[in-house]
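Visitor: Handing you a structure now.
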Amino acid sequence: IMLRYRQVHDFWHVLCGLPPTVVGEVALKWFEMIQTQLPMCALSAFVAPIGLSPGDRQVLRTHYMPWAVNAGTRASLLMNVRYEDELETNVMDLRSRLSLEMAPSLSGNKDRRHHQDPQRTSGPGTRARADRDRRGTEEGWNDGNVR
């Protein structure tokens, strides 16, 4: 089960429309907690927000947590999907078939500034992560154009 969970994690980012940012990861952990009921997802969902800025915690609490609970409950069990057979399927069609509601799009929201500030954190790879995060925002992770 854990191997499959790790294999499908990135597919879930795309299906849910969540960018690979810290807030996107925490939002996905909330969704995964509802979908899989794995203890490690619950631990991450409850502990990871401690490291977020107050603004990011508010975005998580007011936008992503309610979405994760509703979408995770209503959607088909995503662990049961054979994604290997769906690689040519349009992502919008797959979402519809799985009854999966995308995460709310917060583009233009000032609380998403972590997507745009390359100096937000320090450490190895920070600049590359910031560039990748900015590209994800500019490319519209939530626009449904991913195939």
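The values are calculated or read from the model by the stated rules, or taken from the named source; none is laboratory data. Since the model is a prediction, treat every value here as computed from it, not as a measurement. Glycine gets a Cβ as well: all are built from the backbone with ideal geometry, and neighbour counts include every protein chain shown. Ligands, DNA and RNA are stripped out before the accessible areas are found, and what is left, the full protein with its side chains, is counted by its heavy atoms. Shrake-Rupley method; radii C 1.70, N 1.55, O 1.52, S 1.80 Å.
Visitor: What figure in square angstrom, to the nearest 10, would you give for the accessible area of L77 with a 1.4 Å probe?
Guide: 100 Å²
Visitor: Grab the alpha carbons of the range 1-106, take their convex hull, and tell me the volume per residue in Å³. Walk me through the intermediate numbers first.
Guide: Working: hull volume 9.7 nm³, N = 106.
Normalising the Cα hull of the range 1-106 by residue number yields 91 Å³.
Visitor: Same structure, new question: Taking the range 1-57, how much of its Cα-Cα pair set, in percent, is spaced more than 14 angstrom apart? Provide the component values of the computation, followed by the final result.
Guide: Details: 861 of 1596 pairs.
Considering the range 1-57, 54 percent of its Cα-Cα pairs are separated by more than 14 Å.
Visitor: Got a number for carbon plus sulfur as a percent of the range 1-98's accessible area, 1.4 Å probe? Please list the in-between numbers first.
Guide: Numbers: 2970 of 4980 Å².
C and S fraction of accessible area: 60 percent.
Visitor: Calculate, in nm to one decimal, what N70 and F11 gain on full extension: separation in residues at 0.36 nm each, minus their alpha carbon distance. Provide the component values of the computation, followed by the final result.
Guide: Details: separation 59, 0.36 × 59 = 21.24 nm, distance 1.91 nm.
Length gained between N70 and F11: 19.3 nm.
Visitor: Now, a different point. Please give me, ordered by residue number, the trypsin sites (Lys or Arg not before Pro) of the range 1-107 that lie in loop per DSSP and have at most 11 other Cβ atoms within 10 Å.
Guide: Values: sites: R4, R6, K29, R57, R61, R74, R82, R95, R97; in loops: R82.
Those that pass, being in a loop and sparsely packed, are R82.
Visitor: Calculate, for the range 1-98, the solvent-accessible area per residue in square angstrom, rolling a 1.4 angstrom probe over the heavy atoms of the protein chains.
Guide: Values: 4980 Å² over 98 residues.
Averaged over the residues of the range 1-98, the accessible area is 51 Å².
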